[in-house]
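First the structure, in the form of structure tokens, and then the observations on it.
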Amino acid sequence: MASTTLSSTFSLLARPSSSSSSSLARSSVTVPLRRSRRAVAVASTATESPKIVELGDAIAGLTLEEARSLVDHLQERLGVSAAAFAPAAVVAAPGAGGAGAAVEEAPAEQTEFDVVIDEVPSSARIATIKVVRALTSLALKEAKDLIEGLPKKLKEGVSKDEAEDAKKQLEEVGAKVSIV
């Protein structure tokens, strides 16, 4: 299938293109689009080689399936992966699209945290129960049950400051706490 894609690409390259030169050293190449049966005029500068312009126009005329096959063929032939070039494409994208281009954002920083009590030494159980009651407003029995089958989540979906504060209070009385 890749060979048919390449042969169709090269047959597009072999077609004579209708280009006209102007005094400003710019050329306009008409590219037939397969689906809409319309032609699109593409302006290029004189610094681009005609071979590159024709190859680019031929690639632009490919259907999505043909383009996917071309990518697969080039990856096999050259021994490269498209994933290796993804960071470079993200960096190049803002300049290529202008001011209105959508820029992929970095993964969002975690804003919600869980406070997990990992371990409570037997000498710190009463003090830990008091802190748990103060942090959660649980009744005595519920706070006692919470610290018995550890590890358990004390608070879920809290801010970083609140999680750090709870961790500090619990560690002061001897409990081992983690923030997830």
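Tabulated values for the structure
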read-out: Lys155 long-range amide H proximity, modeled H, under 5 Å; value: Val115
read-out: Potential extension, Leu78-Lys152 segment - 0.36 nm per residue separation minus Cα distance; value: 21.4 nm
read-out: Estimated vicinal HN-Hα couplings, Hz - the range 158-168 in sequence order (Karplus 6.51, -1.76, 1.60; Gly, Pro = x); value: 9, 5, 5, 4, 5, 5, 5, 5, 5, 4, 4
read-out: Anchor Lys152: aspartates and glutamates whose Cα lies under 18 Å away (excluding residues fewer than 8 positions away in-chain); value: Glu112, Asp114, Asp118, Glu119, Glu142, Glu162, Glu164, Asp165, Glu171
read-out: Cα→Cβ-extended label distance, 7 Å offset, between Ile126 and Glu109, nm; value: 4.2 nm
read-out: Separation of the Ala139 and Ala67 label points, Cα + 7 Å toward Cβ, nm; value: 6.4 nm
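Since every read-out is calculated from the coordinates, none of them should be taken as a lab result. What you are looking at is a predicted structure, and each value in this text was computed from that prediction instead of being measured. Every residue, glycine as well, gets a Cβ built from its backbone with ideal geometry; the counts of neighbours run over all protein chains shown.
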